[in-house]
């Protein structure tokens, strides 16, 4: 597996940014890991980080590299800071970066699939919100999308006070504008063509309610949704275990 940290200029942000990328690499001499890399461009998973993280968080806190190598799966992990994957009122155009510029950069720089049937998106916490928002807004781009402990109640939160460590976060990002509502997007997508969804959250996680309500709403709408609400809290031990379940669930 090739592990790349790519620094590049993002015109949509007006600055240089980074992404961490895992690329399957055929090898006959690697000991201790069975890879599944082939000759064709590999399937690709866009894997999104949480509020306090960056593009290196998944690779530093889980064994995503080992898991992806076993599947021959490329993984793209972009950096979006504390943006909630949104075009901020006072900041960067992170939604434009994620949904428009990043895929172009990936396909310009990297040999990965361009086929929607082999393209996926997932994320944890803030990244779960970003993953579902992207997949349901552009359902023809992805075959599957997953939220791990997703922060799915952003429209409600944005009407309240900011966070203690970031008291003006909602003003900075939205300034009174209505955030993307992943629950509302369920009404706009055609269940027959929507990507498959995976929603999980630990039973001891304060974000559990939003995840359970979203999974129920998606099922009621007729979407293909798999859910798991077993023991766990908002921490990396839970996410390391659950990302293995997500990867096993992907239609590779």
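The figures follow:
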item: Hey, residue 2 exposed (fewer than 14 other Cβ atoms within 10 Å of the Cβ), at negative phi and in contact with a strand residue (DSSP E or B) (Cβ under 8 Å, 6 or more places away or on another chain) or not; result: yes
item: The range 182-218, residues that are part of a strand (DSSP E or B) and over 18 Å from residue 151 (Cβ atoms); result: 196
item: The range 125-141 residues that are touching a residue at least 60 places away in the same chain (Cβ under 8 Å) and at negative phi, paired with ones that are in a helix (DSSP H, G or I) and crowded, with 24+ Cβ neighbours inside 10 Å (beta carbon under 6 Å, 6 or more apart); result: 132/182
item: In the range 124-154, the residues that are farther than 19 Å from residue 199 by Cα and in a helix (DSSP H, G or I); result: none
item: Filtered residues of the range 89-111 (kept if farther than 16 Å from residue 141 by Cα and surrounded by fewer than 19 Cβ atoms within 10 Å (Cβ to Cβ)); result: 89, 90, 91, 93, 108, 109, 110, 111
item: Flag for residue 43 being buried (at least 19 other Cβ atoms within 10 Å of the Cβ) and at pLDDT below 95; result: no
item: Test for residue 206: is it surrounded by fewer than 17 Cβ atoms within 10 Å (Cβ to Cβ) and either over 20 Å from residue 51 (Cα atoms) or at pLDDT below 95 (or both); result: no
item: Residues (surrounded by fewer than 17 Cβ atoms within 10 Å (Cβ to Cβ), part of a helix (DSSP H, G or I) and in contact (Cβ under 8 Å) with a residue 12 or more places away in the chain) located in the range 222-248; result: 236, 240, 244, 245
item: Residues satisfying the stated conditions in the range 163-176, i.e. surrounded by 11 or more Cβ atoms within 10 Å (Cβ to Cβ) and either farther than 15 Å from residue 88 by Cα or in contact (Cβ under 8 Å) with a residue 24 or more places away in the chain (or both); result: 163, 166, 167, 169, 171, 172, 173, 174, 175
item: Residue in the range 180-194 that is exposed (fewer than 15 other Cβ atoms within 10 Å of the Cβ) and under 24 Å from residue 82 (Cα atoms) present; result: yes
item: Test: residue in the range 120-135 that is surrounded by fewer than 21 Cβ atoms within 10 Å (Cβ to Cβ) and either closer than 24 Å to residue 17 by Cα or in contact with a helix residue (DSSP H, G or I) (Cβ under 9 Å, 6 or more places away or on another chain) (or both); result: no
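Residue by residue, here is whether (1) part of a loop (DSSP other than H, G, I, E, B); (2) at pLDDT 95 or above holds:
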{"position": "4", "(1), (2)": "no, yes"}
{"position": "21", "(1), (2)": "no, yes"}
{"position": "37", "(1), (2)": "yes, no"}
{"position": "52", "(1), (2)": "yes, yes"}
{"position": "58", "(1), (2)": "no, yes"}
{"position": "75", "(1), (2)": "no, yes"}
{"position": "82", "(1), (2)": "yes, yes"}
{"position": "89", "(1), (2)": "yes, yes"}
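Condition check ((1) crowded, with 19+ Cβ neighbours inside 10 Å; (2) touching a strand residue (DSSP E or B) at 6+ places or on another chain (Cβ under 9 Å); (3) in contact (Cβ under 8 Å) with a residue 60 or more places away in the chain) across all residues:
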{"residue": "18", "(1), (2), (3)": "no, yes, yes"}
{"residue": "21", "(1), (2), (3)": "yes, yes, yes"}
{"residue": "39", "(1), (2), (3)": "no, no, no"}
{"residue": "48", "(1), (2), (3)": "yes, yes, yes"}
{"residue": "55", "(1), (2), (3)": "yes, yes, no"}
{"residue": "63", "(1), (2), (3)": "no, no, yes"}
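The values are calculated or read from the model by the stated rules, or taken from the named source; none is laboratory data. A quick note: this is a predicted structure, and the numbers were derived from the prediction, not measured. Ideal geometry is used to build each Cβ from the backbone, glycine not excepted, and the neighbour counts take in all protein chains shown.
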